[in-house]
Each structure stands twice: as C-alpha cells, then as structure tokens.
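The values are calculated or read from the model by the stated rules, or taken from the named source; none is laboratory data. Note that the coordinates shown come from a computational prediction; the quantities given were computed from them, not determined experimentally. Don't worry about glycine lacking a Cβ; one is built from the backbone with ideal geometry, like all the others, and counts go over all protein chains shown. Keep in mind that these areas ignore ligands, DNA and RNA; they rest on the heavy atoms of the full protein, side chains included. Shrake-Rupley method; radii C 1.70, N 1.55, O 1.52, S 1.80 Å.
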Amino acid sequence: MKAMILAAGEGRRLRPLTDTTPKPMLTVADKPLIQHQIERLVRGGVNEIVINVSHLADQIIDAFGDGSELGVKISWSREDECLETGGGIRQALPLLGDKPFVVVNSDVWTDFPFDSLALAEGCVAHLVLVPNPSYHSCGDFRLVESQGGGASRVVSHGEGQRHTFGGISMLHPDLFRNVERGVFPLAPLLRRAMQKGRVSGEIYRGTWVDVGTRERLDLVNRKFGAG
C-alpha cells in the first residue's frame, strides 16, 4: 500500500520556530513529528510513501533520504511554490500509481490505525472525521448513515451535526480525473464527489491533535513526549 504525507506548508502559525525549521521537523518525544507519522504508516502496512516538500525542503529530504533506515521506500515531490493540498497530490500522482492511496497531513498527531482504511465500492474518497476541537467548533462535513447497510457517506450540505476533517483519508486517483496541474485546494474536488455520493467516511474518537500552533505543539509534548 502507498501513502502520501503532505509536508509542503510553511507553518506560519508556528513562527518563529518554522522560520528555520520546517513544521514536519519540529520534535515530539525527541523525534521529528513527520518521523512519528512515517513509523505509524509503516506499522499500518504502508511500504511506499510519497512526501511533498517546498518550505525548507532540503532539511526534510536530508533527514530521511530514501526511507531505508525506517523500513520504507520514500519518494519526494518537490514544489517550487506550495501547490496547496489538491495541487500537491495532483502533481504527485505519477509517483502514487493507479490504485487507492492513503493521504495524511504531516502535522497530525494521532494513533489512528491506518491499516483499517478502505474505499467503499463506487467511492473515490474515504475521509476520517473527528469530533470538533474547540478552535473549529462548526466542523466541516456531515456523516450520513447508509439506509442499505453500506458505508456511511460524507456530505457537505444540510442540517445536522458536522464533524471536522482529520487530515486522514484514502483517495482514488479518479478523484483527479481531468484535473490539470496547478495550485488548488482539495476540498472542492471532495465536495464535487460528495454531490455524486462517492465519498464515504467514519468518525475517529481516539487520539488526534492538529499540531498547527505552538500551544498545540506544547500540549502534545506534555501529554505524549515521554514516549
């Protein structure tokens, strides 16, 4: 199974730390945040990982190289300018192949079991949603249970409880069919697929933190820094 780690962002909310250190290389429990992600993916059955890089890219590439020391094959997708989430994945598709692949944000701290991810029949995406954190109380998407007993579908409209997208997904390359390379977010592609009923999802209630600020980085180190 292949996976992509999104690691090209500047981490502006973590400045001044990220002025000289890329956000994925900030440490938790004496390891770079992205190394924890790589190791969890490997434990979940991933044997090839594509990582997109832009801001201070050489620091990340020099730290992990081809991935052999961590028991995985790593390929690098360099971006001269940050292509945003959708554009970054679109550029990396030649490295990801023609089968579904896992996508995870490099700044997510989680114990999510990656080996549980799967695409439902007819779907081009499966999203992992989490309970809304205090800083994003409105959520992103709704989860609608299937009346036929199949996988629950994710929708972006209607009344009801919304949940936050956890930055963990499984995507099929067909999600990007007829989409040209460029700078664009992933969300519009997902919403278009949702309108066709082609996005499944689940709610994960285990450990999950978006390490996007200094306060949350400190929180993760306090709670989990001992190992």
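Results, tabulated for the structure shown:
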| quantity | calculated |
| --- | --- |
| Net dipole in debye of the chain [+1 Lys, Arg Cβ; -1 Asp, Glu Cβ; about Cα centre; nearest 20] | 560 debye |
| For the range 1-105, alpha-carbon Rg and Dmax in angstrom | 13.0, 39 |
| Scaled radius of gyration (Cα, divided by 2.2 N^0.38 Å) that the chain gives | 0.98 |
| Dmax and Rg, reported as Rg then Dmax, of the range 41-86 (C-alpha, Å) | 11.4, 32 |
| Portion, in percent, of the accessible area of the range 60-128 that falls on carbon or sulfur, probe 1.4 Å | 44 percent |
| Whole-number accessible area per residue in Å² for the range 122-206, which is evaluated in the context of all protein chains at 1.4 Å | 52 Å² |
| Over the chain: helical MRE at 222 nm, DSSP H runs n ≥ 4 each giving -39500 (n - 2.57), nearest 500 | -7000 deg cm²/dmol |
| Simple label model, 7 Å out from Cα along Cβ direction - Asp30 to Val179, nm | 4.1 nm |
| Potential extension, Glu81-Ser68 segment - 0.36 nm per residue separation minus Cα distance | 1.9 nm |
| Ratio of Rg to Rh over the range 74-128 (Cα coordinates, Kirkwood Rh, two decimals) | 0.97 |
| For the range 77-172, convex hull of alpha carbons as volume per residue, Å³ | 138 Å³ |
| Those lysines that a straight Cα-Cα span of less than 22 Å connects to Lys99, excepting residues fewer than 8 apart in one chain | Lys2, Lys73, Lys196 |
